[in-house]
Amino acid sequence: MRALSAGELLTIWEQGLMQQPVQQALDLLTVACPEISYSQIAQLSIGQRDALLLTLRECTFGSQIQSLATCGKCGEHLELTFDVSDIRTTTPIEPLESCSVQVDSWEIEFRLPNSLDLMMIVSTDSSPSALLERCLLQVREGEEIQPIAQLPNQIAGAVVTQMAKLDPQADVQLNLCCPACSHRWLSTFDIVSFFWSEIHAWAIRTLREIHILASAYGWGEAEILAMSPYRRRLYLEMVGR
Ligand SMILES: [Zn+2]
């Protein structure tokens with residue numbers, strides 16, 4: 001993986017404005033990880049993808065994360081500060097070909113959900129059970145192979161639990177406590193939407209800076225983008241902004 005240049009980030013942001021989050025994540029990683037093909041990235045498990053996105057976020061905006069949450073009980077606003085390393089789990093880098101779980105007399109072979117599965121769910125507006133069915137490879141009860149669609153709910157639940165265990169980075173939960181009323185709850189942290197909202201804010205700010213410097217000095221967009229943020233800031237101060 002390599003860091004993205006300001007110009008690349010701006011291009012990905014512009015292309016991603018009308019895209020679904022799953023596609024935005026793929027586009028970011030495709031440019032940042034030229035050593036991995038698009039189809040390999042798309043077939044990484046969601047946790048493996050998110051581990052790469054955390055690293056890219058670190059390369060782009062640093063390792064400290066600042067986020068907001070609201071207490072569901074008293075409405076208090078919480079400012080959260082943590083490090084990328086605090087939410088990084090040990091996800092295997094190599095994709096797992098197949099996994100299996102045994103529940104009573106049932107043995108289920110499955111693979112972990114990936115970006116292609118999420119894209120299919122989004123594009124066809126399918127239910128979460130369709131996602132699970134896509135990821136089941138073989139269902140056996142005793143010696144007999146059973147139709148995937150006939151998996152009992154309880155066994156399906158055990159498969160989902162096993163999937164979460166094998167791919168912990170796919171579902172990051174922050175353990176929060178309200179300082180005002182001591183209410184405790186778990187809050188999902190989604191690196192895709194968080195990172196994308198940061199990129200969006202950065203892009204708007206950067207375009208504004210380009211507008212100010214281009215108006216003041218007559219420089220082109222590429223020239224201004226090629227400057228370090230520090231040098232850009234100094235010029236902005238000189239033109240009084
Ligand atoms: Zn509270």
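The values are calculated or read from the model by the stated rules, or taken from the named source; none is laboratory data. Keep in mind that this is a model prediction, so the values were computed, not measured. Positions of Cβ are backbone-derived with ideal geometry, glycine not excepted, and every protein chain shown enters the neighbour counts.
Selection of helices (runs of 4 or more DSSP H) fully inside the stretch 157-239 by the criterion of at least 3 residues being of a type in the set (D, E, K, R) and crowded, with 16+ Cβ neighbours inside 10 Å returns nothing.
Contact map, the stretch 169-193: residues that are outside the structural domain of residue 74 (by TED's automatic domain parsing) and basic (Lys, Arg) paired with residues that are away from the ligand (no atom under 13 Å from the Cβ) and not in a strand (DSSP E or B), Cβ distance under 7 Å, separation 6+ or inter-chain. No pairs are found. If you go through the stretch 201-236 and pick out every residue that is over 29 Å from residue 20 (Cα atoms) and either over 28 Å from the mean Cα position of the chain (by Cα) or within 16 Å of the ligand (Cβ to nearest atom) (or both), you end up with 19. Applying the set (1) more than 20 Å from residue 193 (Cβ to Cβ); (2) of a type in the set (D, E, K, R); (3) more than 16 Å from the ligand (Cβ to nearest atom) to residue 58 leaves exactly one unmet item: (1). Picking from residues in the stretch 163-200 that are under 19 Å from residue 88 (Cα atoms) and among the polar types (S, T, N, Q), the one that is farthest from the ligand (Cβ to nearest atom) is 169. Of all residues in the stretch 110-129, those satisfying the criterion of being modelled with pLDDT under 90 and not β-branched (Val, Ile, Thr) are 123, 125, 126, 127, 128, 129. Check the stretch 203-224 and report whether any residue there is over 30 Å from residue 110 (Cα atoms), in contact with a His (Cβ under 9 Å, 6 or more places away or on another chain) and aliphatic (A, V, I, L, M). Scanning the stretch 203-224, I find no residue that is over 30 Å from residue 110 (Cα atoms), in contact with a His (Cβ under 9 Å, 6 or more places away or on another chain) and aliphatic (A, V, I, L, M), so the answer is no.
Out of all the residues in the stretch 15-31, which are touching a residue at least 24 places away in the same chain (Cβ under 8 Å) and in a helix (DSSP H, G or I)? Steps first, answer last, please.
Of the residues in the stretch 15-31, the ones touching a residue at least 24 places away in the same chain (Cβ under 8 Å) are 16, 20-26, 28-29, 31.
Those that are touching a residue at least 24 places away in the same chain (Cβ under 8 Å) and in a helix (DSSP H, G or I): 16, 21, 22, 23, 24, 25, 26, 28, 29, 31.
Note on the stretch 194-219: residues that are of a type outside the set (Ser, Thr, Tyr) and either out of contact with any helix residue (DSSP H, G or I) (no Cβ under 7 Å at 6 or more places or on another chain) or outside the structural domain of residue 59 (by TED's automatic domain parsing) (or both) total 10.
Criterion applied to 14, 79 was being within 16 Å of the ligand (Cβ to nearest atom), at pLDDT 95 or above and loosely packed, with under 12 Cβ neighbours inside 10 Å, and the one residue passing it is 79.
Restricting the search to strands (runs of 3 or more DSSP E) fully inside the stretch 32-149 and requiring at least 3 residues that are farther than 30 Å from residue 12 by Cα gives 99-103, 106-110, 136-141, 144-146. Taking the numbered list (1) more than 16 Å from the ligand (Cβ to nearest atom); (2) over 18 Å from the mean Cα position of the chain (by Cα); (3) free of Cβ contacts under 8 Å to residues at least 12 places away in the same chain in turn, residue 39 passes all entries but (2).
How many residues are within 14 Å of residue 174 (Cβ to Cβ), within 16 Å of the ligand (Cβ to nearest atom) and touching a residue at least 40 places away in the same chain (Cβ under 8 Å) if we restrict to the stretch 61-76? If you could, list the steps in order and put the result at the bottom.
At the first step, the residues of the stretch 61-76 found to be within 14 Å of residue 174 (Cβ to Cβ) are 65-72.
Cutting the leftovers down to within 16 Å of the ligand (Cβ to nearest atom) gives us 68-72.
With the extra rule that they be touching a residue at least 40 places away in the same chain (Cβ under 8 Å), the set shrinks to 69, 71-72.
Residues flagged as within 14 Å of residue 174 (Cβ to Cβ), within 16 Å of the ligand (Cβ to nearest atom) and touching a residue at least 40 places away in the same chain (Cβ under 8 Å) within the stretch 61-76 amount to 3.
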